[in-house]
Amino acid sequence: MNPALNRLPQGSRIVVIRLRSLGDCVLTTPAIALLKAHRPDLEIGVVVEDRFGGAFEGNPDVTALLPPDLAAIAKWRPKMALNFHGGTRSMWLMLASRAPIRAGFAHHVWSVVYNERIPRAQQTLGKERPVHTAEHLASAMFWLGVPRTEIPRAKLVAAPRTGEGSYAVLHAFASAPEKAWAADRFVAVARHLKDAGLKPVFLAGPADDVSPFSGFEVHRNAPLSEVKSILSGAQLFIGNDSGPAHIAAAFGVPVVVLFGPSNPVTWAPWRTEAQVLTSAEGMAGVSVADVTAAAESLRVRA
């Protein structure tokens, strides 16, 4: 079989459809890096909702950020469309691209619209085991024609943060209650960090209740560019399984991440020093002592 990437003319345009979810967007960047390293002549456009576009801003591998709009994608005239999202809306966007090569994972419900149906990552990688999301997405690039190589760390770009001293970032929120550690335990960890000389800095979204953390520096509803900058300069990240944990990992920040129902094999921090904490009792089974010990094991002064 002649891989799809070998059939693309020099200077072709590709669209990668990755509509939303911060962690998914961050973990798409290693696959894009592999593609660009193999074919630096290609122009890569990422189709992403505006609120998540910051995950790709400044990335030298990405030529353009495209809105999830039928006309905008058709106007870009890609030769290949690669669907990493897989939902119904993404299928319409793929068809609107009019790309002659339409690729996506064969397990997607509407994969009939693909003419390049990518098999399971385990088949491509030759490893019958659970795979990390970064491996799953990178396997698509290997199947499409990128030579097998080590999968890199996620690639994010941030403005440097200077004059802040040593600080740790804490993210005490999650997309579902069962994924969130108790606020009072985060407060206890923050006090421990402060006593050890590491300033606690909390990140929060627009709907998050930050009242338990009123005694600390809190960045609420900060733009993604600022969130990246804050995380890039941190000495430590502690938080629930969520997008900010993946951003911290992308900058090589040591990470302590608490997992509830999500599979840590699939969603653990990628390519950074990390401690993943789980309990058979759920999030409530992870103690403050567990978290502070995990931070200390990462050789962070905490």
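Of all residues in segment 150-202, which are under 25 Å from residue 59 (Cα atoms), in contact with a Pro (Cβ under 9 Å, 6 or more places away or on another chain) and assigned to a loop (DSSP other than H, G, I, E, B)?
151, 152, 153, 154, 155, 157
Looking at 51, 98, can you tell me which residue is among the basic types (Lys, Arg) and either surrounded by 18 or more Cβ atoms within 10 Å (Cβ to Cβ) or farther than 28 Å from residue 249 by Cα (or both)?
The conditions single out 98.
Which one of 150, 116 is over 30 Å from residue 294 (Cα atoms) and acidic (Asp, Glu)?
116
Go through segment 195-210 and give me each residue that's within 15 Å of residue 292 (Cβ to Cβ) and loosely packed, with under 15 Cβ neighbours inside 10 Å.
Matches in segment 195-210: 195, 197.
Keeping to segment 277-294, report how many residues are assigned to a helix (DSSP H, G or I), among the hydrophobic types (A, V, I, L, M, F, W, C) and either touching a residue at least 60 places away in the same chain (Cβ under 8 Å) or in contact with a helix residue (DSSP H, G or I) (Cβ under 6 Å, 6 or more places away or on another chain) (or both).
Of the residues in that region, 4 qualify.
Six or more apart or on different chains, Cβ under 6 Å: which pairs go from a residue in segment 133-154 that's farther than 22 Å from residue 252 by Cβ to one that's among the basic types (Lys, Arg)? Could you list them?
142/148
Answer yes or no as to whether residue 112 is of a type in the set (A, V, I, L, M, F, W, C) and without any contact (Cβ under 8 Å) to a residue 12 or more places away in the chain.
So residue 112 passes the test.
For residue 122, which of the numbered conditions (1) assigned to a helix (DSSP H, G or I); (2) within 30 Å of residue 268 (Cα to Cα); (3) in contact (Cβ under 8 Å) with a residue 24 or more places away in the chain fails to hold?
That leaves (3) as the condition not met.
When you look at residue 20, is it farther than 30 Å from residue 173 by Cα, of a type in the set (Lys, Arg) and either within 13 Å of the chain's Cα centre (by Cα) or in the same structural domain as residue 118 (by TED's automatic domain parsing) (or both), yes or no?
Criteria not met by residue 20.
Can you name the residue in segment 83-94 that is without any contact (Cβ under 8 Å) to a residue 40 or more places away in the chain and buried (at least 16 other Cβ atoms within 10 Å of the Cβ) and is also nearest to residue 68 (Cα to Cα) among such residues?
91
Please go through segment 110-148 and give me each residue that is closer than 23 Å to residue 91 by Cβ and of a type in the set (Lys, Arg), ordered by number.
117, 120
The values are calculated or read from the model by the stated rules, or taken from the named source; none is laboratory data. Everything numeric here is computed off the predicted structure, so don't read it as measured data. Backbone-built Cβ (ideal geometry, glycine too); neighbour counts: all protein chains shown.
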